[in-house]
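Asker: What follows is a structure written as structure tokens; I'll ask about it next.
The values are calculated or read from the model by the stated rules, or taken from the named source; none is laboratory data. Remember, it's a predicted structure, so these values are computed and weren't measured experimentally. Here the Cβ is made from the backbone with ideal geometry for all residues, glycine too, and neighbour counts use every protein chain on show.
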Amino acid sequence: MKIRGVFPILICAILVAGASPAVAVDASPSATPLRADQLAAIHAHYDPIFASDTARFLAVGAKMKNDTAAMPAFKTIYKDFVQTRDTILANLADPTSDLDSVRAYAEEEAGEFGDTLILLEKQAAKEKMISCVKGKVVKKVYGTAPKCPAGYKKK
């Protein structure tokens, strides 16, 4: 009977004495890229896209500068583009921001502005200029369907 009581205690003592302490294994560095590497990848991917979009916006703005009807909408869209780009850059500079969220936001906005630019470029391509004459005065009228002002005739 005493052997039955000693036997479980002996087993527990062997297990406790032979057990090694738990050791945490470091995650391999290649499994999770460093923040600096993620930032470099995001900049490498999205900076050329936004630079190209900026150039396209400026080209469209130059074509639409004389269209008084379309210019306010263009300015609003361009202002939104600049603010969005500034927001993305600020979040990338913030060491506490979630880079996956910033990447998703940049991807979404790049797609939206790309689509908007296509529409603006189509509208700018439809822009026409006509010359209107009244005596010796010549007025140039711009727009998608330009019309001479009252009293002027198309040249």
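Asker: Name the pairs: first residue in region 135-155 and surrounded by 11 or more Cβ atoms within 10 Å (Cβ to Cβ), second residue modelled with pLDDT of 90 or more and among the polar types (S, T, N, Q), Cβ to Cβ under 8 Å, at least 6 apart or on different chains?
Answerer: Between residues of region 135-155 that are surrounded by 11 or more Cβ atoms within 10 Å (Cβ to Cβ) and residues that are modelled with pLDDT of 90 or more and among the polar types (S, T, N, Q), the close pairs are VAL138/SER131; LYS139/SER131; LYS140/SER131; VAL141/SER131; LYS154/SER131; LYS155/SER131.
Asker: Also: Residue under question is THR68, and the condition is that it be among the polar types (S, T, N, Q) and either outside any loop (DSSP other than H, G, I, E, B) or surrounded by 13 or more Cβ atoms within 10 Å (Cβ to Cβ) (or both); does it hold?
Answerer: no
Asker: What do you reckon, is ALA104 out of contact with any Pro (no Cβ under 7 Å at 6 or more places or on another chain), without any contact (Cβ under 8 Å) to a residue 60 or more places away in the chain and among the hydrophobic types (A, V, I, L, M, F, W, C)?
Answerer: Criteria met by ALA104.
Okay, residues lined up against (1) closer than 23 Å to ALA44 by Cα; (2) out of contact with any Ser or Thr (no Cβ under 7 Å at 6 or more places or on another chain); (3) among the charged types (D, E, K, R):
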| site | (1), (2), (3) |
| --- | --- |
| PRO95 | yes, yes, no |
| ALA104 | yes, yes, no |
| GLU108 | yes, yes, yes |
| GLU112 | yes, yes, yes |
| LYS126 | no, no, yes |
| ILE130 | no, yes, no |
| LYS134 | no, yes, yes |
| VAL137 | no, yes, no |
| CYS148 | no, yes, no |
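Asker: How many of the residues making up region 33-59 are touching a Phe, Trp or Tyr at 6+ places or on another chain (Cβ under 9 Å) and free of Cβ contacts under 8 Å to residues at least 12 places away in the same chain?
Answerer: 1
Asker: Which residues, taken from region 99-142, are assigned to a helix (DSSP H, G or I), among the small types (Gly, Ala, Ser) and farther than 20 Å from MET64 by Cα?
Answerer: Residues satisfying the conditions are SER101, ALA104, ALA106, ALA110, GLY111.
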